[in-house]
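Have a look at the structure below, then the notes.
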Amino acid sequence: MTTKNKSDKDFSIYFQPPSLTDAKKRGKEDIKVHYNFEIPEDMQQFGKDKYYLIQTYGCQMNEHDTETIMGLLEQMGYQATDDRRQADVILLNTCAVRENAEDKVFGELGHLKHLKAEKPSLVLGVCGCMSQEEAVVNRILQKHAFVDLIFGTHNIHRLPNLLKEAFYSKEMVIEVWSKEGDIVENLPKKREGIKAWVNIMYGCDKFCTYCIVPYTRGKERSRRPEDVLAEVRDLARQGFQEIMLLGQNVNAYGKDFDDIEYTFGDLMNDISKIDIPRVRFTTSHPRDFDDHLIEVLAKKGNLVEQIHLPVQSGSNEILKRMSRKYTREHYLELVAKIKNAIPDVGMTTDIIVGFPGETEEQFEDTLSLVKEVKFDSAYTFIYSPREGTPAADMDDDVPMEVKKSRLYRLNAVLAEFSKESNESFKGKVVDVLVEGESKNNSDVLAGRTRTNKLVHLVGPKELIGKIVPVRITDAQTWYIKGEWVPASAV
Ligand code: 5AD
Ligand code: SF4
């Protein structure tokens, strides 16, 4: 725990910065699960008549952490606002996975500096993955000393205490634990709408050479099955229509249990018996995706036929240097097995172009893999060096212009397959979970198929929140169009 006086330049006396070297030493000690969380009594009214605003960057794990932070703040009496000037607490929940995500946060801090000058009582905090990086914390200390609070990904439950400290001490409060976190159950969560995220595990032990996540999120820790199942049952009782199970590498679920044999396939099998209409999961790692899981998914029911399976590259040499621990052939074999068991599966992926030293030929291997799998869609990225990761020290002779042009070429191929797959829906009647009005046209409703395709449909607003049959009439590149088929007409 650290409180640092903003005017003091000798930070090291007060502050043990987060250390990548420490993070790499994965401890074997038992993970402790805590069930007794409570907001300290003196903090339960701390936010009465006060407002908070949280800006979230990055992945769904971060979005879900924001729901926990909101839950904590609201139990302290705070209310949400969209108006920065009204806010008494502003938190930036940050992402470290690529440099441009970090740049956005530093840009935002530049803007918030003025707000803080106008309203000194404002508590301004930085949390999430960037806080776990030594270099980022040092930069905030040196260049953004107006920040009041920095906390990391392992100690969100400490927010009430930290906020109090930041409020009273008027000094920058920094609490970042570089040791892997325990699991804190029963934290409050503010969930809204018809879809809910459920963490099944935290952290990642894969250490892909380009990736910062194993350092910022700590070692793999699985939540106990009884805790996950109880949460899913509770969400079903509350009427949620869809849950998304979250983990950086869900296929490693349960590998850290030393008292029971219980895998991700077992968890999915147990969840399939719960009365919640749709269950998805993300993210999978091809190395750990086993036959038992495929068997369970093939039974379908509430386990929808969509699999996000990041491939990252189609070149064996690049996969090796990324330390992905599978080959192109293994990936293609796995996809074939999945498609054989679940023929109408929607496959999506993540791909990085311009990894250090990637040759034109190696990039073409990625293109050819994409053509072979025919993904429904993909998240594509230009490689971004992350300080402290092994890839950041690799020689990189690929000019940025070449990387950009590879991204462009890849996206063009992906767009073709997305359109082709969307065309195949024309004339079919599919179940769509109607999520709300379309972003650009309030006369049109937007929803998702079981395979996660975006659907724009014509129908009454009462359909929102329901799963209804929709006849697909038209296909665009990134979405399909249709019309509601009332049950009697199906
Ligand atoms: N540069 C570019 N993309 C990255 N990803 C992870 N680290 C990096 C990086 N350093 C991508 C991977 C991962 C997704 C969440 O982000 O494709 O699957
Ligand atoms: Fe990062 Fe690899 Fe872990 Fe995914 S599996 S979070 S890419 S280290």
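Overview of results
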quantity	calculated
Residue selected from region 448-467 under the condition among the charged types (D, E, K, R) and touching a residue at least 12 places away in the same chain (Cβ under 8 Å), by the criterion farthest from ASN302 (Cα to Cα)	LYS461
Output for region 351-389, where each listed residue is closer than 20 Å to LYS320 by Cβ, open to solvent by 30 Å² or more (accessible area, probe 1.4 Å) and either at pLDDT below 95 or within 11 Å of ligand 1 (Cβ to nearest atom) (or both)	PHE381, PRO385
Residues that are at pLDDT 95 or above and closer than 25 Å to CYS59 by Cβ, drawn from region 256-271	THR263, PHE264, GLY265, LEU267, MET268, ILE271
Matching option when the condition is within 16 Å of the chain's Cα centre (by Cα) and more than 13 Å from ligand 2 (Cβ to nearest atom), among MET244, MET201	MET244
Every pair of residues 6+ apart whose Cβ atoms lie under 9 Å, when the first sits in region 80-99 and is farther than 14 Å from VAL123 by Cα while the second is of a type in the set (Lys, Arg)	ALA80/LYS190; THR94/LYS104; CYS95/LYS104; ALA96/ARG386; VAL97/ARG386; ARG98/ARG386; GLU99/ARG386
Which numbered condition SER418 fails, given (1) of a type in the set (Gly, Ala, Ser); (2) within 16 Å of ligand 2 (Cβ to nearest atom); (3) in contact (Cβ under 8 Å) with a residue 60 or more places away in the chain	(2)
Of all residues making up region 38-79, the number that are small (Gly, Ala, Ser), more than 20 Å from the chain's Cα centre (by Cα) and either surrounded by fewer than 21 Cβ atoms within 10 Å (Cβ to Cβ) or part of a strand (DSSP E or B) (or both)	1
Only one of TYR168, TYR215, TYR210 that is within 16 Å of ligand 1 (Cβ to nearest atom), over 20 Å from THR68 (Cα atoms) and in a helix (DSSP H, G or I)	TYR215
Yes/no for LYS453 being surrounded by fewer than 19 Cβ atoms within 10 Å (Cβ to Cβ) and either under 23 Å from the mean Cα position of the chain (by Cα) or basic (Lys, Arg) (or both)	no
Out of ILE212, ILE150, ILE200, ILE174, sole residue that is open to solvent by less than 20 Å² (accessible area, probe 1.4 Å) and under 21 Å from ASP266 (Cβ atoms)	ILE200
Every residue from region 312-344 that is in contact with a helix residue (DSSP H, G or I) (Cβ under 6 Å, 6 or more places away or on another chain), open to solvent by 10 Å² or more (accessible area, probe 1.4 Å), part of a loop (DSSP other than H, G, I, E, B) and more than 15 Å from ligand 2 (Cβ to nearest atom)	THR327
Residue ID - most open to solvent (accessible area, probe 1.4 Å), chosen from residues in region 400-435 that are of a type in the set (Asp, Glu) and within 27 Å of the chain's Cα centre (by Cα)	GLU416
Subset tally (residues that are under 14 Å from PRO277 (Cβ atoms), without any contact (Cβ under 8 Å) to a residue 60 or more places away in the chain and open to solvent by 20 Å² or more (accessible area, probe 1.4 Å)) for region 234-249	4
Residues that are in contact (Cβ under 8 Å) with a residue 12 or more places away in the chain and either within 16 Å of ligand 1 (Cβ to nearest atom) or part of a loop (DSSP other than H, G, I, E, B) (or both), drawn from region 185-200	GLU185, ASN186, LEU187, PRO188, LYS189, LYS190, ARG191, GLY193, ILE194, TRP197, ILE200
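The values are calculated or read from the model by the stated rules, or taken from the named source; none is laboratory data. It should be emphasised that the depicted structure is a prediction, and the values quoted were computed from it without experimental measurement. Don't worry about glycine lacking a Cβ; one is built from the backbone with ideal geometry, like all the others, and counts go over all protein chains shown. Only protein heavy atoms, including side chains, enter the accessible area calculation; ligands, DNA and RNA are left aside. Shrake-Rupley method; radii C 1.70, N 1.55, O 1.52, S 1.80 Å.
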